[in-house]
Amino acid sequence: IREAQAFVEKFEGALGKGKGKKLYAYKMMMAKKWVKFKRDFDNFKTQCIPWEMKIKEVESHFGSSVASYFIFLRWMYGVNLVLFGLIFGLVIIPEVLMGMPYGSMPRKTVPRAEQARAMDFSVLWDFEGYIKYSALFYGYYNNQRTIGWLKYRLPMAYFMVGISVFGYSLMVVIRSMARNANESTADGDDDNFIFSWKMFTSWDYLIGNPETADNKFASITTSFKESIVDEQESNKDENIHLRRFLRVLANVLIICCLCGSGYLIYFVVKRSQTFSKMQNVGWYERNEVEIVMSLLGMFCPPLFETIAALENYHPRIGLKWQLGRIFALFLGNLYTFLLALMDDVNEKLAEEDAVKNITHWTLLGYHNSSVGNGSTATPPPLDPADVPRGPCWETTVGIEFVRLTVSDILVTYITILVGDFFRACFVRFVNYCWCWDLEAGFPSYAEFDISGNVLGLVFNQGMIWMGSFYAPGLMGINVLRLLTSMYFQCWAVMSSNVPHERVFKASKSNNFYMGLLLLILFLSLLPVAYTIMSLPPSFDCGPFSGKKRMYEVIQETIELDFPLFVAKIFSYVANPGLIIPAILLMVLAIYYLNAVAEAYQRANAELKKKMQMQREEEKNKRNNKASTNPVLQDLEDLLTPSMKSESHSKQAEDKKTESSNRTSPVRKQSKAAALDGSPMTGGRGAAFNLPPHVFLTQPPTLGVWSPYPGQPRPRGHPPGPVPGRGRGHPRY
């Protein structure tokens, strides 16, 4: 009664009666509007994600492996946008607004000998002239402890922002790797009934846009291709000895290519140092290092892919090998470039000592000449453009990184235009009048190079991390590069590329990309840490000029701006006797946590195996049960028609006498006992009710039925074999 009353109260308005009809209609209207609002808000959030629909369109036509690159590119754009805001807001803006203006000091003034050509395009293209003496590079910033009316500590801010760039990047990369690992493990094992799930549950019935429906159809088709490739690779047989030989041969060839590219870069960098001491060198000689590195990055990945065809890996595994090899190529080229650049830095440090003495004697001579004239007036200051200055090795390093970044951008865009767009136009319009089918044969349409683009992005980010300390404006250039790359490459993929011949599904997480990024982040930190801790800064440029080492700005700030006990605390913390045990403790903690994580992984693997075995056991039980039911049905069909008619007549008699026996419990009990005692009495299936202590071990054979010991023979059957049952006893 209570349930019925609650039902009536709840749906009183829907029944059309009572005072709650309008309230119920209002509630239903508001509930529908709330559901619609949540759906629209979810769509709005999806629309607010940058380039989400564009990436979904790419994924529907090219698969999740190509889409994973654009997701990675979008993530890199977000990280660089935060880093650019950090550098721009805490370093560049304070120096521009509160620092000394251009032309007020030698480090912010173009030298007199360079002013005539300081605005030429060829000079500006090499990031010389006015660009070199701007806020884009390290040498522009002043070494005053405080600037402006806010007493802003620019050298300290410059140092802390440079360290924070690496700290924030490290935190974001590790956090993304942990989140991707959690998502990949939370998905569970979905390897059962893959094609059934895709066939019956893939379509989205809320789609109302024809273009969206076409994209969804293409996405489902692509997902089937990915699953078919995975299934074929799991069932493939191969000659293991031949495969091992070909894989060893491929690795030997690739190692030779890596060694050759490293030697070539070292040779070119040493040659460029010779050109830098010469006058009137050509454009190629000035940019030879950037050109060679860009050409190696453009031609080596296709060569590696051609050699990798010998290995015949699964496409997903082959992509990881290709990524690792290109990463080794880029990393070897970068570190070879850095080693050669360090030789140039050492030469400039030796040159600075001589220039420092020249500058000192020039200023002293100017002052003495003014005093020697006998005038008591204060001599006018020497024009900053006429002051001799050092080479400023930090700005030189920053210029090299900016050149590498800009040349990499140009080579990437030119490669996309020439190698993808013009090639697609040629194949599309010349195919009608060519000797062979250009679309099916050579040159055909280009496929999107996942490994080359991913490694190019990672390699470029490594240069940005290293170069941003010496060129704060480099981060802004990279933000513009990533922004234009998203639109340009999405357009090129949809207009000029075709899906891979063997479409394969990307990993459940992008942790492989993140692992490469984490490695390049660590390797990018090493050169910067070496220059901060070991090399002396330039004496006349940059925020750390006048100090023996760059990190001394922290000691200076602690001594002058903090109480005395804080300085003592920092001195105790910086003691090697505390640092070494702390590092050992962290190593032990990492080892312990790694062991615990491996134990959890093994436990999860065992649990998955047990769950799989239990699922297979339940499936076998259901199959056995389904197979025994038809056997019982066939045995029942062996009953004679007369026997069935007798059973039906007896049931009819029981129904007639049921009303008279209702009031007699004794007769009901005796009838129930009689029915239970005879296996041949009763309805369908009663003849096969077995005693509780007897088990069926073999299928019954044809023979004569006989009662169990102690059971009476049923009436109505003549002695002898029952028609249709054969002879012999049923074997239970």
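Pairing each residue of the range 217-229 that is touching a residue at least 12 places away in the same chain (Cβ under 8 Å) with any residue that is of a type in the set (S, T, Y), provided the two are 6+ apart or on different chains, yields C-beta distances under 6 Å for A218/S60; S219/S60; I220/S202. The set of residues in the range 298-348 being charged (D, E, K, R) and assigned to a helix (DSSP H, G or I) consists of E305, R316, K320, R325, D343, D344, E347, K348.
Take the residues in the range 424-461 that are small (G, A, S) and surrounded by fewer than 21 Cβ atoms within 10 Å (Cβ to Cβ), then tell me which one is nearest to F337 (Cα to Cα). Among them, the one singled out is A446.
Report yes if F469 is surrounded by 14 or more Cβ atoms within 10 Å (Cβ to Cβ), of a type outside the set (D, E) and not in a helix (DSSP H, G or I), otherwise no. So F469 fits the description; yes. Has the range 417-429 got at least one residue that is touching a strand residue (DSSP E or B) at 6+ places or on another chain (Cβ under 7 Å), without any contact (Cβ under 8 Å) to a residue 60 or more places away in the chain and in a helix (DSSP H, G or I)? Among the residues of the range 417-429, at least one is touching a strand residue (DSSP E or B) at 6+ places or on another chain (Cβ under 7 Å), without any contact (Cβ under 8 Å) to a residue 60 or more places away in the chain and in a helix (DSSP H, G or I), which makes the answer yes. Pairs meeting the criteria (first residue in the range 253-276 and farther than 17 Å from E290 by Cβ and open to solvent by less than 20 Å² (accessible area, probe 1.4 Å), second residue in a helix (DSSP H, G or I) and of a type in the set (F, W, Y), beta carbons under 9 Å, at least 6 apart or on different chains) are I254/F304. Among the residues of the range 540-569, those that are part of a helix (DSSP H, G or I) and either assigned by the TED database to the domain that holds P472 or closer than 30 Å to A471 by Cα (or both) comprise E552, V553, I554, Q555, E556, T557, I558, E559, L560, D561. In the set A385, A440, only one residue is farther than 22 Å from G78 by Cα and in a helix (DSSP H, G or I); that residue is A385.
Tell me which residues, restricted to the range 297-325, are touching a Ser or Thr at 6+ places or on another chain (Cβ under 7 Å), among the aliphatic types (A, V, I, L, M) and closer than 18 Å to N511 by Cβ. Correct list: L319, L323. One residue alone among L455, L483 is assigned by the TED database to the domain that holds V165 and touching a Pro at 6+ places or on another chain (Cβ under 9 Å), and that residue is L455. Taken as a whole, the condition of being in a helix (DSSP H, G or I), modelled with pLDDT of 75 or more and farther than 30 Å from Q322 by Cβ applies to M199. Looking only at the range 523-545, filter to residues that are surrounded by 24 or more Cβ atoms within 10 Å (Cβ to Cβ) and in contact with a Pro (Cβ under 8 Å, 6 or more places away or on another chain); which one of those is modelled with the lowest pLDDT? Only one residue tops the list, namely S538. Residues of the range 93-111 that are part of a helix (DSSP H, G or I) and not hydrophobic (A, V, I, L, M, F, W, C): P94, E95, P106, R107, K108. Comparison of V110, V79, V172 shows that the only residue that is modelled with pLDDT under 90 and open to solvent by less than 40 Å² (accessible area, probe 1.4 Å) is V110. Cβ separations smaller than 8 Å between residues 6+ apart or across chains give the following pairs from the range 525-546 residues that are without any contact (Cβ under 8 Å) to a residue 40 or more places away in the chain and among the polar types (S, T, N, Q) to residues that are surrounded by fewer than 20 Cβ atoms within 10 Å (Cβ to Cβ) and part of a loop (DSSP other than H, G, I, E, B): S534/R549. Say whether the condition of being at pLDDT below 85, at positive phi and not aromatic (F, W, Y) is met by at least one residue in the range 21-29. Taking every residue of the range 21-29 in turn, none turns out to be at pLDDT below 85, at positive phi and not aromatic (F, W, Y). Scanning the range 286-312 for residues that are at pLDDT below 75, open to solvent by 30 Å² or more (accessible area, probe 1.4 Å) and not polar (S, T, N, Q) gives R286, M298.
For (1) farther than 30 Å from A340 by Cα; (2) open to solvent by 30 Å² or more (accessible area, probe 1.4 Å); (3) of a type in the set (S, T, N, Q), each residue gets a yes or a no:
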| site | (1), (2), (3) |
| --- | --- |
| N478 | no, no, yes |
| L483 | yes, yes, no |
| L521 | no, no, no |
| K548 | no, yes, no |
| E556 | yes, yes, no |
| G577 | yes, yes, no |
| L585 | yes, yes, no |
| A589 | yes, yes, no |
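The values are calculated or read from the model by the stated rules, or taken from the named source; none is laboratory data. What you are looking at is a predicted structure, and each value in this text was computed from that prediction instead of being measured. No Cβ is skipped: glycine too gets one built from the backbone with ideal geometry, and neighbour counts run over all protein chains shown. Quick note on the areas: whole protein, heavy atoms, side chains included, nothing else; ligands and nucleic acids left out. Shrake-Rupley method; radii C 1.70, N 1.55, O 1.52, S 1.80 Å.
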